[in-house]
Amino acid sequence: MIELIKNPNERHDPPRPLLEHLLALRDMLVFASIAWAISVIIAAIFSPQVLAFLKSPARDNIELLQGLDLTSGFSAMMSIALWGGTSLSFPFLAYAILRFVFPALTNKEKIILISILIIGSLFFTIGVALAYEKTLPMVVTAFQEINNWVGLPVTTIRIEGYISIVLKTILAFGLVFQLPLILFVLGTFGIVSSTALKEKRRVAIVLSFVLAMFLTPPDPMSQFLMALPLCLLYEVSIWAVWLKEKSVNAKS
């Protein structure tokens, strides 16, 4: 990283024929495919442990989680294998892509790309942790309270439906937490400005609740728990873009 900073405009990719680029692309795709397949197999092998982890947000209702079909175990394993394997293979997929594109980038562009990946992974992890530790237990409790209130107490929860809710909620929160990074990158390239973001604040708040309505289970608590961080992240984005604009203006 220090060497990249010393020569920010240096490139390390001499001109090469098209065939070499195509061969490099083929190698990247083969490596990524093998890494994904191995990750899926590993996730499938450890599906019992992953399922126990996914059950944890149910807490007081965990004994109600049951498989009601002969294929319930297989369906749960396949869901865990595909989603978990894709998540597990992400570092290898990122490595394959970076190894392919890095030679054509300047050192400054490499630093920006690495920083985006690191910060994006950090925000994604924060979003997943919030969904797992706070939102999902409230979602399960809220649904059970609604069931009891309408006079339809649930004594059995289908494991397939539960896993679907858990995985979709976790993924939605992880992706939503990329908002500051996306807006900061757009601000860096001059596509959006802090002034424009401030003017659209009210619209952003409304869109946050609309987006939360579509990305979370249909209960007010989970929607609020997504919409509130979205609004806060939008404010963070405004300040981040403003600080970037200020630093650029100071240099000029």
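The values are calculated or read from the model by the stated rules, or taken from the named source; none is laboratory data. Keep in mind the model is a prediction, meaning the values are calculated, not measured. Cβ atoms come from the backbone with ideal geometry, glycine included; neighbour counts cover every protein chain shown. Protein only, heavy atoms only, side chains kept; ligands, DNA and RNA dropped before computing areas. Shrake-Rupley method; radii C 1.70, N 1.55, O 1.52, S 1.80 Å.
Select, from ILE170, ILE159, the only residue that is touching a residue at least 40 places away in the same chain (Cβ under 8 Å) and in contact with a Leu (Cβ under 7 Å, 6 or more places away or on another chain).
Working: ILE170 fails: in contact with a Leu (Cβ under 7 Å, 6 or more places away or on another chain).
Within the list ILE170, ILE159, the selection yields ILE159.
Please verify whether ILE42 is assigned to a helix (DSSP H, G or I), farther than 30 Å from MET138 by Cβ and at pLDDT 90 or above, treating the condition exactly as stated. Reasoning before the result, please.
Working: assigned to a helix (DSSP H, G or I): yes; farther than 30 Å from MET138 by Cβ: yes; at pLDDT 90 or above: yes.
So ILE42 fits the description; yes.
Could you please give the count of residues in the stretch 156-166 that are out of contact with any Gly (no Cβ under 9 Å at 6 or more places or on another chain), open to solvent by less than 40 Å² (accessible area, probe 1.4 Å) and part of a helix (DSSP H, G or I)? Break it down into steps so the answer makes sense when it comes.
First, pick out the residues of the stretch 156-166 that are out of contact with any Gly (no Cβ under 9 Å at 6 or more places or on another chain): 156-157, 161-166.
Then keep just the ones that are open to solvent by less than 40 Å² (accessible area, probe 1.4 Å); that gives 157, 161-163, 166.
Of the ones still in play, those that are also part of a helix (DSSP H, G or I) are 161-163, 166.
Counting residues in the stretch 156-166 that are out of contact with any Gly (no Cβ under 9 Å at 6 or more places or on another chain), open to solvent by less than 40 Å² (accessible area, probe 1.4 Å) and part of a helix (DSSP H, G or I) gives 4.
All conditions but one from (1) out of contact with any Gly (no Cβ under 6 Å at 6 or more places or on another chain); (2) crowded, with 21+ Cβ neighbours inside 10 Å; (3) small (Gly, Ala, Ser); (4) modelled with pLDDT of 80 or more apply to ALA196; the one that does not is (2).
Table: residues versus (1) open to solvent by 40 Å² or more (accessible area, probe 1.4 Å); (2) farther than 24 Å from PRO220 by Cα; (3) assigned to a helix (DSSP H, G or I); (4) at pLDDT below 85.
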{"residue": "THR86", "(1), (2), (3), (4)": "yes, yes, yes, no"}
{"residue": "PHE102", "(1), (2), (3), (4)": "yes, yes, yes, yes"}
{"residue": "LYS110", "(1), (2), (3), (4)": "no, yes, yes, yes"}
{"residue": "ALA142", "(1), (2), (3), (4)": "no, no, yes, yes"}
{"residue": "LEU175", "(1), (2), (3), (4)": "yes, no, yes, yes"}
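The set of residues from the stretch 199-243 being open to solvent by 70 Å² or more (accessible area, probe 1.4 Å) and of a type in the set (D, E, K, R) comprises GLU199, LYS200, ARG201, ARG202. The residue list MET138, MET77 contains one member that is without any contact (Cβ under 8 Å) to a residue 40 or more places away in the chain and open to solvent by 50 Å² or more (accessible area, probe 1.4 Å), which is MET77.
Take the residues of the stretch 164-217 that are of a type in the set (S, T, N, Q) and under 30 Å from GLU109 (Cβ atoms): which is farthest from the chain's Cα centre (by Cα)? Before you say what the answer is, go through the steps one by one.
Pass one, the stretch 164-217, residues of a type in the set (S, T, N, Q): 164, 169, 178, 188, 193-195, 208, 216.
Next, from what is left, pick out any that are under 30 Å from GLU109 (Cβ atoms): 178, 188, 193-195.
On the way: GLN178: 7, THR188: 22, SER193: 25, SER194: 25, THR195: 28 Å.
Selected residue: THR195.
Residues in the stretch 112-125 that are open to solvent by 60 Å² or more (accessible area, probe 1.4 Å) and more than 11 Å from LEU175 (Cα to Cα): ILE112, ILE118, ILE119, LEU122. Restricting attention to the stretch 30-72, the residues being under 24 Å from PRO91 (Cβ atoms), touching a residue at least 60 places away in the same chain (Cβ under 8 Å) and open to solvent by 50 Å² or more (accessible area, probe 1.4 Å) number 1.
Say whether the condition of being outside any helix (DSSP H, G or I), without any contact (Cβ under 8 Å) to a residue 24 or more places away in the chain and within 18 Å of PRO57 (Cβ to Cβ) is met by at least one residue in the stretch 209-219. Yes, the stretch 209-219 contains a residue that is outside any helix (DSSP H, G or I), without any contact (Cβ under 8 Å) to a residue 24 or more places away in the chain and within 18 Å of PRO57 (Cβ to Cβ).
Restricting VAL166, VAL206 to residues that are under 18 Å from LYS134 (Cα atoms), modelled with pLDDT of 85 or more and of a type in the set (A, V, I, L, M) narrows the list to VAL166.
Of all residues in the stretch 123-139, those that are out of contact with any Leu (no Cβ under 9 Å at 6 or more places or on another chain) and over 15 Å from PHE53 (Cα atoms) total 2.
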